[in-house]
Amino acid sequence: MKEGNERKFKLGKLFQEYVVAMKWSYMRNGCFSTNPIVNSSLFFPLAKHVINSSFSEFCHFPTYCLIHSSSSSSNLSNGLRNAFATHFIHSKLIKKGSLHHEGSYLLNLYIKSRLVGDAHKLFDEIPQRDVRTWTIMISGFAQNGFFRGAVDLFSEMLEEGVVPNRFTFSSILKCCSSLNELRMGKAIHGWLLRNGIVVDVALANSILDLYVKCHVFDYAEGLFESVIDKDVVSWNIMIGAYLRVGEMEKSLDLFRQLPFKDVATWNTIIDGHARNGLQVAALNLLYQMVETGPLMNQITFSIALVLVSSLSILDLGRQIHGRILRIGIYNDGFVRNSLIDMYCKCGQMEKASAVFENFAPYFTTKQNSVISCDESAAAPVTWSSLVTGYIQNGRSEDALKLFLTMVCKRIEVDMFTLTSLISACGNAGLLELGQQIHGHILKTGHKSDVFLDSSMVDMYAKCGRLDDAWSIFKPSNCRNIVLWTSMISSYASHGQGSKAIWLFELMLNEGFRPNEVTFVGVLTACSHAGLLKEGCKYFKLMKEVYDIKASVEHFTCMVDLFGRAGRLDMITDFIYENDISHISAVWKAFLSSCQVHKNIEMAQWVSDKLLELEPLQSGPYIMLSNTCATNHKWEEVAKLRALMKHRGVRKHPGQSWI
DNA sequence: TTAGGGTTAG
């Protein structure tokens, strides 16, 4: 037998053993019936493929198998299949004693199966490691997000005297941009130039990406201009760069100049518009893509669904859902999650949970302890989306039930979910549950997170525990404007105006720039503490120093401020000076001030203004009627009630939990 | 080169 044929024969034998072992494993996991490999229509073409292929192709066999089975409704995880196959092949190679020759193939396979730890162990066992071996390991680390590890490996490699190649550099440059290590990246760029290394397009693109990610635009533009054989990737990087900093004209200019736009070009430009608040333009671009552009991929669908969510066009969302089903990319984790998120944001919780339920088998397989790397990474996002969806749709109870299910199923509850849950506890006044979740966070030793801290401060404050809120805020080492605002607003809502202002001044001293919400907190603090002068000062500061346009919330705070200070006369001037007489919320605040000060004439005038804006709302009638009642004007009260009845305005009675 | 979930006001 010729050497080549012998090799094929051996591979065929190996394949048979593999299939037998795999079947056994499926049976043990109770997944036999759903196993696509036992389906004969798949089995024979695959067998043929493997027997005719080289060893390296054989190593990709599980991936190949996965591509074919991913559109069927297999509930067996891909990662498991890959991991199993990889371990199996590894054991065979050890028996054959050919780890020496085939080591880098196997290493590649471990990386593809995302078994980075196993790959590293194998890497240490391989006796002779060349550039190839090192590069597979380094890029494997980089692909799986272990950027520091990759950089450490890189320096080890240099110490051992192995000379890196283009691929090594490309991987390391990716790490530099992810770690924001501009200096290291620049050093590598310089080294390449000094040593006359041929910088091909791919490598140039890595450098371009580094400069873009590290925000050195002049370098990026210079490099972009100087690269002669630019490919579509180079263009896409530059287009994306301009979009990220809001340079819409520049990005569109490049977009128009580019003759061959690929799917990534379109995805970049559509998403970039959406992220810059230009949703309608993004939608038009999407339509343009459907008509004249390349075929949409799963990323396009994901982007489109996010766009639909922000525009709340449920019909379009449904159409996209249909298209996703037809194309058969329903199993993509991102697409699935965007779909759930879209239904949540459009208030369609039933639809959202239906999509979620369709994937339930993925998660229940955990009982059989088969959950893959891919799915364990995707699952918490999906759960989190649904939990958050329930909370945002005011269904805290459903959210909490789902949370309990997650705990029972031992699905990792990540920071995103915990943040939403804490916020829900705050809104519902569920102090005990909030404390339990807080305890859970402390026990599991999650890292400090500014989102979580903000919602925790808010939760404790809303549940009346200002001291606990402070004890979260004080030691926090990752303060941002939202966290400061939460604490300032907490003091404000507890009537501790001077403390809120003290904290605000402290924040300014530390160099934080207040946003519109911060000023709502500060103005509320002033109004609750009767600090008329300070309130006016900060309102001016907001507009003149921080260039923040006053919104309805700020105006109502100001009206409230004048009202509580008993300066009803100032309110009218304020309303006309700021040209806000068309905003009903302002008049409502005014009316409630009239009620507090028992000023019946003013209340009458204000409620007339309010009724011009909202003739069918019960609020103005009720508030005016209450003002009359506090002044014992019972005839007026009766007249108002009659008028309401005549105009068909109904007041829904309030209800209390107590 | 391109994609998903979280915090603060009223």
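The values are calculated or read from the model by the stated rules, or taken from the named source; none is laboratory data. No experiment lies behind these values; they were computed from the predicted model shown. When we count neighbours, we look across all protein chains shown, and the Cβ atoms used for this are built from the backbone with ideal geometry, even at glycine.
Being under 20 Å from A:VAL649 (Cβ atoms), among the hydrophobic types (A, V, I, L, M, F, W, C) and assigned to a helix (DSSP H, G or I) is the filter here, so list the residues in segment A:595-631 that pass it. Residues satisfying the conditions are A:ALA603, A:TRP605, A:VAL606, A:LEU610, A:LEU611, A:LEU613, A:ILE622, A:MET623, A:LEU624, A:CYS628, A:ALA629.
Filter segment A:386-434 down to the residues that are more than 8 Å from DNA strand B (Cβ to nearest atom), of a type in the set (Asp, Glu) and not in a helix (DSSP H, G or I) and list them by number. Scanning segment A:386-434 gives a single hit, A:GLU412.
Checked against the criteria, A:ASP547 does not count as at pLDDT below 95, acidic (Asp, Glu) and part of a helix (DSSP H, G or I). With respect to being surrounded by fewer than 16 Cβ atoms within 10 Å (Cβ to Cβ) and either in contact with a helix residue (DSSP H, G or I) (Cβ under 6 Å, 6 or more places away or on another chain) or more than 30 Å from A:GLU247 (Cα to Cα) (or both), A:ASN195 fits the description. Quick check, is A:LYS639 out of contact with any strand residue (DSSP E or B) (no Cβ under 9 Å at 6 or more places or on another chain), of a type in the set (D, E, K, R) and part of a helix (DSSP H, G or I)? Yes; evaluated as a whole, the condition is true for this residue. Considering A:ILE472, A:ILE481, the condition of being free of Cβ contacts under 8 Å to residues at least 60 places away in the same chain, within 21 Å of A:VAL522 (Cα to Cα) and surrounded by fewer than 18 Cβ atoms within 10 Å (Cβ to Cβ) is satisfied by A:ILE481 alone. Count of segment A:321-360 residues, restricted to those that are over 18 Å from A:ILE299 (Cβ atoms) and assigned to a helix (DSSP H, G or I), is 14.
Only one of the numbered conditions (1) surrounded by fewer than 17 Cβ atoms within 10 Å (Cβ to Cβ); (2) more than 27 Å from A:ILE600 (Cβ to Cβ) is violated by A:ASP569, and that is (2). Might you let me know whether segment A:572-580 holds any residue that is within 13 Å of DNA strand B (Cβ to nearest atom) and within 37 Å of the chain's Cα centre (by Cα)? No, the conditions are met nowhere in segment A:572-580. Among the residues that make up segment A:499-512, is at least one of them near DNA strand B (Cβ under 10 Å from one of its atoms) and either of a type in the set (Phe, Trp, Tyr) or closer than 28 Å to A:GLY434 by Cα (or both)? Scanning segment A:499-512, I find no residue that is near DNA strand B (Cβ under 10 Å from one of its atoms) and either of a type in the set (Phe, Trp, Tyr) or closer than 28 Å to A:GLY434 by Cα (or both), so the answer is no.
Yes/no matrix, rows are residues, columns are (1) touching a residue at least 60 places away in the same chain (Cβ under 8 Å); (2) crowded, with 19+ Cβ neighbours inside 10 Å; (3) of a type outside the set (Gly, Ala, Ser):
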position: A:GLY149; (1), (2), (3): no, no, no
position: A:PHE169; (1), (2), (3): no, yes, yes
position: A:ASP200; (1), (2), (3): no, no, yes
position: A:VAL212; (1), (2), (3): no, yes, yes
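Restricted to segment A:181-257, the set of helices (runs of 4 or more DSSP H) holding at least 2 residues that are of a type in the set (Lys, Arg) comprises A:182-194, A:248-257. Exactly one condition in (1) assigned to a helix (DSSP H, G or I); (2) surrounded by 17 or more Cβ atoms within 10 Å (Cβ to Cβ) is not met by A:GLU505; state its number. Evaluating A:GLU505 over (1) assigned to a helix (DSSP H, G or I); (2) surrounded by 17 or more Cβ atoms within 10 Å (Cβ to Cβ) leaves (2) as the failure.
To keep it simple, each residue is scored yes or no on (1) surrounded by fewer than 18 Cβ atoms within 10 Å (Cβ to Cβ); (2) touching a Pro at 6+ places or on another chain (Cβ under 6 Å); (3) within 30 Å of A:PHE512 (Cα to Cα); (4) charged (D, E, K, R).
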residue: A:LEU541; (1), (2), (3), (4): yes, no, yes, no
residue: A:VAL545; (1), (2), (3), (4): yes, no, yes, no
residue: A:PHE555; (1), (2), (3), (4): no, no, yes, no
residue: A:MET558; (1), (2), (3), (4): no, no, yes, no
residue: A:LEU561; (1), (2), (3), (4): no, no, yes, no
residue: A:PHE574; (1), (2), (3), (4): no, no, yes, no
residue: A:SER581; (1), (2), (3), (4): yes, no, no, no
residue: A:ALA589; (1), (2), (3), (4): no, no, no, no
residue: A:LYS639; (1), (2), (3), (4): yes, no, no, yes
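Only one of the listed residues (A:VAL263, A:VAL355, A:VAL306) is within 24 Å of A:VAL381 (Cβ to Cβ) and touching a Pro at 6+ places or on another chain (Cβ under 8 Å). That residue is A:VAL263. Filtering segment A:582-594 to residues that are under 21 Å from A:ARG564 (Cβ atoms) and not in a helix (DSSP H, G or I) leaves only A:ILE583. Among the residues of segment A:486-497, is there at least one that is at positive phi and touching a helix residue (DSSP H, G or I) at 6+ places or on another chain (Cβ under 9 Å)? Yes, because at least one residue in segment A:486-497 is at positive phi and touching a helix residue (DSSP H, G or I) at 6+ places or on another chain (Cβ under 9 Å). Within segment A:294-315, the residues that satisfy the criterion of being part of a loop (DSSP other than H, G, I, E, B) and surrounded by fewer than 19 Cβ atoms within 10 Å (Cβ to Cβ) are A:PRO294, A:LEU295, A:ASN297, A:SER312, A:ILE313.
Within this structure, A:LEU153 fails the test of being over 30 Å from A:HIS273 (Cβ atoms), more than 34 Å from the chain's Cα centre (by Cα) and in a helix (DSSP H, G or I).
On the stretch given as segment A:446-466, residues that are over 18 Å from A:SER420 (Cα atoms) and either out of contact with any helix residue (DSSP H, G or I) (no Cβ under 8 Å at 6 or more places or on another chain) or in a loop (DSSP other than H, G, I, E, B) (or both) total 2. Candidates are the residues of segment A:468-488 that are of a type in the set (S, T, N, Q) and over 23 Å from A:GLN436 (Cβ atoms); the one that is nearest to DNA strand B (Cβ to nearest atom) is A:THR485. Looking at this structure, is A:TYR242 surrounded by 20 or more Cβ atoms within 10 Å (Cβ to Cβ) and of a type in the set (Ser, Thr, Tyr)? For A:TYR242, the condition - surrounded by 20 or more Cβ atoms within 10 Å (Cβ to Cβ) and of a type in the set (Ser, Thr, Tyr) - is met.
Look at segment A:330-342: where a residue is aromatic (Phe, Trp, Tyr) and a partner is more than 6 Å from DNA strand B (Cβ to nearest atom) and assigned to a helix (DSSP H, G or I), sitting 6+ places away or on another chain with Cβ atoms under 6 Å, you get A:TYR330/A:ILE324. Look at segment A:412-441: where a residue is over 17 Å from A:ARG465 (Cβ atoms) and a partner is within 9 Å of DNA strand B (Cβ to nearest atom) and outside any helix (DSSP H, G or I), sitting 6+ places away or on another chain with Cβ atoms under 6 Å, you get A:MET415/A:ASP449. Looking at A:ILE583, is it of a type in the set (A, V, I, L, M), more than 29 Å from A:VAL637 (Cβ to Cβ) and under 40 Å from the mean Cα position of the chain (by Cα)? When the stated conditions are applied, A:ILE583 does not pass them. Evaluating A:ALA529 against the criteria (1) at pLDDT 95 or above; (2) more than 11 Å from DNA strand B (Cβ to nearest atom); (3) of a type in the set (A, V, I, L, M, F, W, C) leaves one unmet condition, (1).
If I filter segment A:282-291 for residues that are more than 16 Å from DNA strand B (Cβ to nearest atom), of a type in the set (Val, Ile, Thr) and either over 22 Å from A:GLY246 (Cα atoms) or modelled with pLDDT under 95 (or both), do I get at least one hit? No, segment A:282-291 contains no residue that is more than 16 Å from DNA strand B (Cβ to nearest atom), of a type in the set (Val, Ile, Thr) and either over 22 Å from A:GLY246 (Cα atoms) or modelled with pLDDT under 95 (or both).
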